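Notes to accompany the following structure.
Quick note: the coordinates plus some simple rules give every number you see, no bench work behind them. Every value quoted in this text rests on a predicted model; they were computed, and no experiment measured them. When we count neighbours, we look across all protein chains shown, and the Cβ atoms used for this are built from the backbone with ideal geometry, even at glycine.
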Amino acid sequence: METENKLPAYPNVPLATQVLLVRPAHFGSNSETAATNGFQQEVPAGTEAKVQQKALDEFNQFLLKLWAARIDAVVLDDVEDPITPDAVFPNNWISFHKGGKVVLYPMLSPTRRLERHPALLTQLQEEHGLEFKEVIDLTHFENEGKFLEGTGSLVLDRQHKIAYACLSERTHLEPLQVFCEKLGFRPVVFHAYDGNDLPIYHTNVILSIGTDFALVCLEAIPDDEEQGLLLEALVDTGKEIFDLSLAQVKKMAGNMLQVRNKAGEPVLVMSDKAYKALRKDQYEDLNRRTKMVRSDLRTIEAHGGGSARCMLAEIFV
C-alpha cells in the first residue's frame with residue numbers, strides 16, 4: 001500500500017467491491033492473439049515451464065497484495081483441459097453487473113473462447129454464491145466474425161452509464177450496440193493507434209476511469225473530432241484528465257483499475273511497471289485521491305500482453 005492518508009471515499013461512485021481472478025494452469029504466449037496485440041512477446045522455445053512458474057509466482061504475489069489492501073478477491077483455478085494460455089485475463093470473457101446480470105462476450109481467438117468453461121461458471125454460482133439472474137450471451141457474434149472482448153474492449157463508467165470503446169479487430173460496433181441496448185449504456189467510440197500506427201487492441205490499455213479522474217492517452221487518438229467527443233464525455237462527467245504518453249502506455253500505465261476495499265476505500269490497482277511509468281506530478285495527484293496497490297507482473301505483461309487491470313473482472317452484487 002502506497003499511503004495510509006485519509007482519502008475521500010466517493011461513496012456515490014460505483015466501484016467493484018469484489019474482483020474475480022483466475023490462477024493460470026498453462027500460461028504462455030498465444031500465437032492466435034499475437035497478431036493483434038503489440039504488447040505481447042513470444043515465449044522462447046524450451047522456457048515454457050519456467051515462464052509458467054514465473055507467471056504463477058507473480059499471480060500469487062499479486063493476490064497477496066490485493067488481500068493485504070483488504071480487497072475482496074474471488075479466485076478460481078484454471079482448468080487443466082482444455083489448455084488456455086490467456087486464462088489469467090478473465091475480464092475479456094465475462095462481466096458482472098448489478099441485479100445479478102452477467103455478460104458473456106465474443107472473442108477473436110478460438111483458444112480464448114475456451115476460457116468460458118462451464119465448470120468455472122458453476123464454481124462461481126455454487127462455491128462463491130454469485131447469483132446469475134440474467135445471462136446476456138453475446139457469443140453468437142463469433143459466428144459473424146464480430147467481437148467484443150469484455151472490459152478489455154469496453155471501459156465502463158457505471159455511474160454515468162457510458163461505454164468507452166476504441167474500435168479494432170477485437171472490438172466491433174454491432175456487439176457494442178447490443179451491449180449498450182441490453183444494459184442501458186451510451187457508447188463513446190473512437191479509433192486509437194500505437195507508435196507503429198497499428199490499432200490499439202483493447203481500450204483498457206489507453207483508458208482507465210476512476211472516481212473523479214481518467215487516465216487516457218490522447219496521443220493515441222489522431223482524429224480531432226473523436227478525441228474531442230471523448231474528452232467532452234470525460235470532462236462532463238467530472239473526470240480530471242491525466243494525459244498519458246504512448247511511451248507510458250507501452251509500460252502499461254493505462255491498464256489500471258480502481259476498486260473499493262472492505263473498508264470502503266477506493267484503491268487503484270496497477271503493476272510495478274505502470275507505477276514506475278507515472279510522472280512524479282501524476283503520482284502525487286493520484287496519491288491524494290486514492291490508495292494504490294502495485295505488484296511485479298513482468299512475465300504476465302511480457303508474454304500475455306496484458307497487465308493488472310486485465311487480470312481483474314469486477315463483481316457487482
Kindly provide the set of residues from the stretch 116-150 that are closer than 26 Å to Asp72 by Cα, assigned to a loop (DSSP other than H, G, I, E, B) and without any contact (Cβ under 8 Å) to a residue 60 or more places away in the chain, ordered by number.
Arg116, His117, Glu127, His128, Gly129, Phe132, Lys133, Glu149
In this structure, is Ala274 without any contact (Cβ under 8 Å) to a residue 60 or more places away in the chain and either closer than 21 Å to Asn92 by Cβ or in a loop (DSSP other than H, G, I, E, B) (or both)?
yes
State all residues of the stretch 250-275 that are under 17 Å from Cys166 (Cα atoms) and out of contact with any helix residue (DSSP H, G or I) (no Cβ under 6 Å at 6 or more places or on another chain); if no residue qualifies, say none.
Lys250
Sort out for me the strands (runs of 3 or more DSSP E) sitting completely within the stretch 52-112 that have 3 or more residues that are more than 27 Å from Asp272 (Cβ to Cβ) and within 17 Å of the chain's Cα centre (by Cα).
101-104
Filter pass, Val13 being buried (at least 20 other Cβ atoms within 10 Å of the Cβ) and farther than 22 Å from Gly304 by Cβ:
no
Looking only at the stretch 165-183, which residues are in contact with a helix residue (DSSP H, G or I) (Cβ under 7 Å, 6 or more places away or on another chain) and small (Gly, Ala, Ser)?
Ala165
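Based on what the data block shows, is Ala73 under 28 Å from Val155 (Cβ atoms), crowded, with 16+ Cβ neighbours inside 10 Å and small (Gly, Ala, Ser)?
Yes, satisfied.
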So, in the stretch 242-258, exactly how many residues are in a strand (DSSP E or B) and surrounded by 17 or more Cβ atoms within 10 Å (Cβ to Cβ)?
3
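Can you tell me how many residues in the stretch 260-310 are of a type in the set (Ser, Thr, Tyr), touching a strand residue (DSSP E or B) at 6+ places or on another chain (Cβ under 7 Å) and closer than 14 Å to Ala55 by Cβ?
3
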Answer from Thr290, Thr299 - the residue that is surrounded by 16 or more Cβ atoms within 10 Å (Cβ to Cβ) and more than 26 Å from Lys161 (Cα to Cα)
Thr299
Which one of these is within 26 Å of Val178 (Cα to Cα), in contact (Cβ under 8 Å) with a residue 24 or more places away in the chain and not charged (D, E, K, R): Leu215, Leu207?
Leu207
Take the residues in the stretch 195-219 that are of a type in the set (A, V, I, L, M, F, W, C) and under 14 Å from Ala274 (Cα atoms); name whichever of them is surrounded by the fewest Cβ atoms within 10 Å (Cβ to Cβ).
Cys217
Which of (1) within 23 Å of Val188 (Cβ to Cβ); (2) crowded, with 20+ Cβ neighbours inside 10 Å; (3) touching an Asp or Glu at 6+ places or on another chain (Cβ under 7 Å); (4) touching a residue at least 40 places away in the same chain (Cβ under 8 Å) does Lys239 not meet, given it meets every other one?
(4)
Sort out for me the strands (runs of 3 or more DSSP E) sitting completely within the stretch 157-219 that have 1 or more residues that are of a type in the set (S, T, N, Q).
207-209
Sole exception among (1) surrounded by fewer than 22 Cβ atoms within 10 Å (Cβ to Cβ); (2) farther than 17 Å from Asp194 by Cβ for Arg309, by number
(1)
What pairs come up if the first residue lies in the stretch 51-76 and is touching a residue at least 12 places away in the same chain (Cβ under 8 Å) and closer than 24 Å to Gly264 by Cα, the second is of a type in the set (Ser, Thr, Tyr) and in a strand (DSSP E or B), and their beta carbons are under 7 Å apart, counting only those six or more places apart or on different chains?
Gln61/Ser295; Phe62/Ser295; Lys65/Ser295
